[in-house]
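All of the numbers you see were taken from the coordinates with simple rules; none came from a lab. Remember, predicted model here, so these are calculated numbers, not experimental data. Neighbour counts run over all protein chains shown; Cβ positions are idealised from the backbone, glycine included.
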Amino acid sequence: MPEKNQQTNAKKFCFKCGAEIFEEAEICPKCGVRQLTPVREVKPTQVISSKGTSSPGVATILSFLFPGLGHIYLGDIFFGLIVMVVYACSWGLAIITALICSPIPILIWIWSMYNSYNLALKINKGEVE
């Protein structure tokens, strides 16, 4: 007799809302969804999509502050570090040449903002991982 009592008190989780319900329940009393016949216990899951999680605005602002930071934010760390080094070296070259080469770091700065913005858009569309 006690064995039957233990079976009736067994619990499971509703596969739709995750509420704890009796194992014999065919319909969840909380959400009203009919339960599947259990092959195994089904627990609620949360699906997290990585698509659309990169902000083009944040990437652009970071690249505005220092070229390469936007790429690092977007996960392209190696390329971001390369952009940072090239940008710093181009300012060194501009100083050595008495600012004759000063358009080079300015162009790198503008290009970095443009590129990180477009890269974030491509990541959000799923074109780039």
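Taking the range 92-123 as the range and being of a type outside the set (F, W, Y) and within 24 Å of the chain's Cα centre (by Cα) as the test, the residues that pass are S112, M113, N115, S116, N118, L119, A120, L121, K122, I123.
Would you check if M113 is touching a Phe, Trp or Tyr at 6+ places or on another chain (Cβ under 6 Å), in a helix (DSSP H, G or I) and either within 24 Å of S54 (Cβ to Cβ) or of a type outside the set (V, I, T) (or both)? Taking the combined requirement at face value, the residue satisfies it.
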